[in-house]
Amino acid sequence: MSALDDKVAQFLEGVPRNRREILTPEGILLPVDLADHGERAVALIIDLFIWMCVTALLYVAIVAVLVEGKGVEIAVTLILFIAFIVRNLYFVYFELAWQGATPGKRINGLRVIDRRGGPLTPSAVFARNLTREVELFLPVSVMLSLRAGANHWETLALLAWLGLFSALPLFNHDRMRSGDFIAGTIVIAIPKRVLLADLVENSIRYNFTTQQLAAYGAFELQILEELLRRPRSARTTAVLMEVCAKICAKIGWTAPVPAAEVVPFLIEFYSAERAFLERERLYGRLREDKNSRPD
Amino acid sequence: MTAPSTQDDAVMQGAGAARPALVLRSTEFRRGREQGWRDLEVLLAKAERAGLSALSTEELQRLPLLHRSALSALSVARAIALDRHLLLYLENLGLRAFLVVYGPRQGMLEGCRDFFVRGFPAAVRGAGFHILIAFLSIVVGTAAGFVLTRGDESWLTAMVPADLASGRGINSTREQLLREEIFAPWPGFTRSFITFANFLFRHNTLIGIMMFGLGIAAGVPTLLLLTYQGLIFGAFIALHFNRGLLVDFLGWVSIHGVTEFGAIILCGAGGLVIAQHILFPDRYARVDSLAIHGRSAAQFAVGAIFMFFIAGLIEGGLRQLVADTAGRFAIAALTAAVWLGYFVFAGRGARQ
């Protein structure tokens with residue numbers, strides 16, 4: 001089923017999806033979509049922005065205390081300490097409290113999960129976030145020291161070396177950071193899906209023969225479903241009319257289908273085709289697509 | 001019966017007049033279960049927005065039941081339905097339910113307690129070999145630093161960055177070191193316990209995290225950093241040795257050094273555990289080997305950060321309070337005994 005699903009998605013979107021499967025403790029394979037590099041970068045930028053806002057607020061607090069003029073040293077130190085804690089615990093706290101999502105990840109619909117489908121443990125969350133210091137903050141601080149230092153070559157070499165770690169997600173199959181490697185986690189995208197009404201209609205105005213229904217397979221059926229579910233516009237209507245003409249030609253439907261009847265006709269055809277294919281499937285005769293040979 | 005005549009008949013007959021209505025098993029199946037899915041969706045939305053604690057007892061009892069029935073519906077749908085939208089929806093619902101049901105069980109506080117009582121000492125006990133290597137590389141560094149600096153003190157300037165030396169250097173005299181460093185006057189509670197301790201904590205933690213994180217580079221940087229910490233230490237020992245202050249300096253260092261070096265060694269050992277499982281993955285794929293052992297290695301680093309915190313407090317404050325070498329050695333011995341006892345005995349026999 002999953003292979004068919006991938007095929008349909010690739011046909012509709014033009015690009016192969018990056019899907020992985022996790023096995024839940026109930027023994028069900030669930031497909032998950034890996035998060036894109038772009039989505040993750042945006043999530044990180046949002047998180048960093050929040051962190052920087054918090055830190056900036058703390059610095060404003062410092063200035064306020066400095067103007068007051070008492071207990072300056074304690075205030076400064078406490079604020080530096082809190083900023084340090086915020087930076088190191090921000091990600092850990094949210095990934096534990098929000099089931100694998102930081103504010104940035106949540107906005108982008110991303111989640112951290114265990115790569116094998118087990119529970120996400122606190123030690124995994126700590127592990128994947130501890131390396132952030134090496135991947136992110138260390139290169140940044142090296143970069144900032146560039147203009148001050150006299151020996152640029154040394155710094156550049158260090159930067160290139162550190163950059164390799166930061167760029168690790170670009171070089172592996174599962175887009176894992178080094179922290180993901182250590183913790184055995186991956187970052188996935190979870191789109192929000194709502195359950196729409198079934199397309200099948202019980203009214204039968206058109207009558208298709210078994211021979212006509214046998215012209216297509218599950219792949220074509222699902223493409224047709226996807227097209228019928230698209231919001232109606234001039235473009236989709238044109239596509240549907242084209243599809244309707246092709247189907248009529250293929251199954252030898254000679255009666256004309258008027259323009260206003262195209263969508264009802266296709267829905268009827270979809271219902272009949274699905275009923276036919278599902279029944280065939282129960283007998284162990286699933287046709288993958290129109291090119292597969294009937295048994 | 002030829003196709004065109006059938007069509008004409010059907011069109012003329014109008015809505016489902018003569019033929020029975022189309023009944024799809026998948027549609028019937030969906031109709032029977034849909035309400036359960038919608039209920040689950042409501043619970044999930046609530047839990048995702050405000051956490052599991054937002055659910056009432058009754059809802060919490062229903063959640064796993066609904067989760068399992070959604071998963072079983074997915075299995076059935078995969079076998080009988082060709083409705084792509086339904087399958088995608090059920091997969092999405094199952095995944096969301098999976099994340100809520102199998103998400104992190106513990107909050108920050110519970111996790112911390114479990115960690116200190118059981119996880120941390122158990123992880124340390126499981127990595128004796130790596131700790132030994134980390135310890136040896138510090139010892140080697142210290143010996144090298146001592147030998148080099150003892151003969152030629154300019155090595156000290158070469159090895160120690162200026163902000164760590166804080167004024168101590170080849171030009172320091174015995175009296176200066178005694179007055180300003182080893183038996184410096186008590187600078188007041190705020191300065192010592194908060195300002196200085198905090199600086200030390202942040203500095204040490206950064207080094208520790210780097211040692212751990214750089215374990216992914218096959219552990220070479222971890223070993224270099226460990227040896228380098230030893231070099232700095234050895235250089236300072238030589239500086240004081242040349243001025244006849246060896247015992248006083250060791251007392252000055254050991255009061256917090258036991259804790260601090262312990263933490264450094266643990267961070268280094270964590271990095272080495274990671275390096276080992278990258279280089280020698282045993283029967284597993286490298287990625288899997290790393291995933292299995294990386295978490296326990298991360299426990300090292302987290303525990304070590306806590307140790308750095310304590311070391312910072314001792315170094316920043318307590319050391320200046322106890323201005324007497326014998327007393328400092330006594331405290332050092334006490335901390336050593338406490339840590340040793342903690343790592344050897346804590347959490348043994350606790351539930352796994």
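Restricting to segment A:252-295, name every residue that is within 12 Å of A:Leu221 (Cβ to Cβ), in a loop (DSSP other than H, G, I, E, B) and more than 9 Å from every other protein chain (Cβ to nearest Cβ). Can you show your working first?
Quick first cut of segment A:252-295, residues within 12 Å of A:Leu221 (Cβ to Cβ) only: A:266, A:269-278, A:280-281, A:286-290.
This time we only want the ones that are in a loop (DSSP other than H, G, I, E, B), so: A:286-290.
Scanning segment A:252-295 gives A:Arg287, A:Glu288, A:Asp289, A:Lys290.
Please tell me if B:Phe196 is open to solvent by 40 Å² or more (accessible area, probe 1.4 Å), assigned to a helix (DSSP H, G or I) and either aliphatic (A, V, I, L, M) or modelled with pLDDT under 85 (or both).
Values: open to solvent by 40 Å² or more (accessible area, probe 1.4 Å): yes; assigned to a helix (DSSP H, G or I): yes; either aliphatic (A, V, I, L, M) or modelled with pLDDT under 85 (or both): yes.
Criteria met by B:Phe196.
Need a quick list: helices (runs of 4 or more DSSP H) entirely within segment A:101-176 having at least 2 residues that are more than 23 Å from the chain's Cα centre (by Cα) and not small (Gly, Ala, Ser).
On the way: elements: A:103-107, A:122-130, A:138-144, A:152-166.
Those helices (runs of 4 or more DSSP H) span A:122-130, A:138-144, A:152-166.
Open to solvent by 30 Å² or more (accessible area, probe 1.4 Å) and either within 14 Å of chain A (Cβ to nearest Cβ) or of a type in the set (S, T, N, Q) (or both) - does that describe any residue in segment B:238-258? Working first, answer last.
Of all residues in segment B:238-258, those open to solvent by 30 Å² or more (accessible area, probe 1.4 Å) come to B:241-244, B:246-248, B:250, B:258.
If we keep only those that are either within 14 Å of chain A (Cβ to nearest Cβ) or of a type in the set (S, T, N, Q) (or both) too, we end up with B:242.
Yes, some residue in segment B:238-258 is open to solvent by 30 Å² or more (accessible area, probe 1.4 Å) and either within 14 Å of chain A (Cβ to nearest Cβ) or of a type in the set (S, T, N, Q) (or both).
Among the residues of segment A:268-280, write down those that are surrounded by 17 or more Cβ atoms within 10 Å (Cβ to Cβ) and of a type outside the set (Gly, Ala, Ser).
First pass over segment A:268-280, keeping only residues surrounded by 17 or more Cβ atoms within 10 Å (Cβ to Cβ): A:268-278, A:280.
Hits for segment A:268-280 are A:Glu268, A:Phe269, A:Tyr270, A:Glu273, A:Arg274, A:Phe276, A:Leu277, A:Glu278, A:Glu280.
Filter segment A:105-131 down to the residues that are out of contact with any strand residue (DSSP E or B) (no Cβ under 8 Å at 6 or more places or on another chain) and over 19 Å from B:Ser296 (Cβ atoms), then identify the one that is farthest from the other protein chains (Cβ to nearest Cβ).
Among residues in segment A:105-131 that are out of contact with any strand residue (DSSP E or B) (no Cβ under 8 Å at 6 or more places or on another chain) and over 19 Å from B:Ser296 (Cβ atoms), the one farthest from the other protein chains (Cβ to nearest Cβ) is A:Ile107.
How about segment A:101-122: which of its residues are at positive phi and open to solvent by less than 10 Å² (accessible area, probe 1.4 Å)?
Pass one, segment A:101-122, residues at positive phi: A:109, A:117.
Of everything in segment A:101-122, just one residue is at positive phi and open to solvent by less than 10 Å² (accessible area, probe 1.4 Å), namely A:Gly117.
Could you please find all residues in segment A:76-112 being modelled with pLDDT of 85 or more, closer than 24 Å to A:Ala56 by Cα and of a type in the set (Gly, Ala, Ser)?
If the condition is that a residue be modelled with pLDDT of 85 or more, closer than 24 Å to A:Ala56 by Cα and of a type in the set (Gly, Ala, Ser), then A:Ala101, A:Gly104 are the ones that fit.
Determine which single condition B:Leu334 fails, assuming it passes every other condition in (1) free of Cβ contacts under 8 Å to residues at least 40 places away in the same chain; (2) open to solvent by less than 40 Å² (accessible area, probe 1.4 Å); (3) more than 16 Å from B:Val124 (Cβ to Cβ); (4) more than 14 Å from chain A (Cβ to nearest Cβ).
Evaluating B:Leu334 over (1) free of Cβ contacts under 8 Å to residues at least 40 places away in the same chain; (2) open to solvent by less than 40 Å² (accessible area, probe 1.4 Å); (3) more than 16 Å from B:Val124 (Cβ to Cβ); (4) more than 14 Å from chain A (Cβ to nearest Cβ) leaves (2) as the failure.
Check whether at least one residue in segment B:285-303 is more than 14 Å from chain A (Cβ to nearest Cβ) and either charged (D, E, K, R) or under 30 Å from A:Leu120 (Cα atoms) (or both), and report yes or no. Spell out how you get there, then give the answer.
Taking segment B:285-303 first, the residues more than 14 Å from chain A (Cβ to nearest Cβ) are none.
Checking segment B:285-303: not a single residue is more than 14 Å from chain A (Cβ to nearest Cβ) and either charged (D, E, K, R) or under 30 Å from A:Leu120 (Cα atoms) (or both).
Of everything in segment B:222-236 that's in contact (Cβ under 8 Å) with a residue 24 or more places away in the chain and open to solvent by 20 Å² or more (accessible area, probe 1.4 Å), which residue is farthest from the other protein chains (Cβ to nearest Cβ)?
Filtering segment B:222-236 for residues in contact (Cβ under 8 Å) with a residue 24 or more places away in the chain gives B:222-223, B:225-236.
Then keep just the ones that are open to solvent by 20 Å² or more (accessible area, probe 1.4 Å); that gives B:223, B:225, B:227-229, B:231, B:233.
Numbers: B:Leu223: 16, B:Leu225: 12, B:Thr227: 18, B:Tyr228: 15, B:Gln229: 17, B:Leu231: 19, B:Phe233: 23 Å.
Out of the qualifying residues, it is B:Phe233.
Just one of A:Arg285, A:Arg229 is open to solvent by 40 Å² or more (accessible area, probe 1.4 Å) and at pLDDT 85 or above; which is it? Even if it seems obvious, please write down each step before you answer.
Values: A:Arg285 fails: at pLDDT 85 or above.
From the options A:Arg285, A:Arg229, the qualifying one is A:Arg229.
Any residue in segment A:39-59 that is free of Cβ contacts under 8 Å to residues at least 40 places away in the same chain sitting within a Cβ distance under 7 Å of a residue that is open to solvent by less than 50 Å² (accessible area, probe 1.4 Å) and part of a helix (DSSP H, G or I)? List the pairs, counting only those 6 or more apart or interchain.
Close Cβ pairs satisfying both conditions: A:Trp51/A:Val86; A:Trp51/A:Tyr90; A:Val54/A:Val86; A:Thr55/A:Ala83; A:Thr55/A:Val86; A:Leu58/A:Ile79; A:Leu58/A:Ala83.
Taking the condition more than 14 Å from chain A (Cβ to nearest Cβ), part of a helix (DSSP H, G or I), open to solvent by 20 Å² or more (accessible area, probe 1.4 Å) and modelled with pLDDT under 80, does B:Arg179 pass?
Values: more than 14 Å from chain A (Cβ to nearest Cβ): yes; part of a helix (DSSP H, G or I): yes; open to solvent by 20 Å² or more (accessible area, probe 1.4 Å): yes; modelled with pLDDT under 80: yes.
Taking the combined requirement at face value, the residue satisfies it.
For segment B:54-171, give me every one of the helices (runs of 4 or more DSSP H) that falls completely inside it and has 3 or more residues that are more than 30 Å from A:Leu282 (Cβ to Cβ), modelled with pLDDT of 90 or more and open to solvent by less than 10 Å² (accessible area, probe 1.4 Å). Give the derivation first.
Working: elements: B:57-80, B:84-101, B:108-114, B:120-125, B:128-151, B:154-159, B:162-165.
Where helices (runs of 4 or more DSSP H) fall fully within segment B:54-171 and carry at least 3 residues being more than 30 Å from A:Leu282 (Cβ to Cβ), modelled with pLDDT of 90 or more and open to solvent by less than 10 Å² (accessible area, probe 1.4 Å), they are B:128-151.
Just checking, does segment B:43-53 include any residue being open to solvent by less than 30 Å² (accessible area, probe 1.4 Å), part of a helix (DSSP H, G or I) and within 7 Å of chain A (Cβ to nearest Cβ)? Let's see the steps before the verdict.
Residues of segment B:43-53 open to solvent by less than 30 Å² (accessible area, probe 1.4 Å): B:43-44, B:47, B:51.
Narrowing further to those that are part of a helix (DSSP H, G or I): B:43-44, B:47.
Those still in the list that are within 7 Å of chain A (Cβ to nearest Cβ) too: none.
No, that holds for no residue.
Across segment A:142-156, what is the number of residues that are at pLDDT 70 or above and either loosely packed, with under 11 Cβ neighbours inside 10 Å or over 25 Å from A:Arg177 (Cα atoms) (or both)? Let's see the steps before the verdict.
Initially, segment A:142-156 is screened for residues at pLDDT 70 or above, giving A:142-144, A:152-156.
Retained after the next criterion (residues that are either loosely packed, with under 11 Cβ neighbours inside 10 Å or over 25 Å from A:Arg177 (Cα atoms) (or both)): A:144, A:152-154.
So the answer is 4.
For segment A:181-196, name all the residues that are closer than 19 Å to A:Leu130 by Cβ and within 9 Å of another protein chain (Cβ to nearest Cβ). Write out each step before concluding.
Residues of segment A:181-196 closer than 19 Å to A:Leu130 by Cβ: A:181-187.
Once the filter is applied, which keeps residues that are closer than 19 Å to A:Leu130 by Cβ and within 9 Å of another protein chain (Cβ to nearest Cβ), segment A:181-196 yields A:Phe181, A:Ile182, A:Ala183, A:Gly184, A:Thr185.
The values are calculated or read from the model by the stated rules, or taken from the named source; none is laboratory data. Note that the structure is a prediction, hence the values are computed from the model and not measured. All Cβ positions, glycine included, derive from the backbone under ideal geometry; neighbour counts span all protein chains shown. Note: accessible area is taken over every heavy atom of the protein model, side chains too, but ligands, DNA and RNA are not part of it. Shrake-Rupley method; radii C 1.70, N 1.55, O 1.52, S 1.80 Å.
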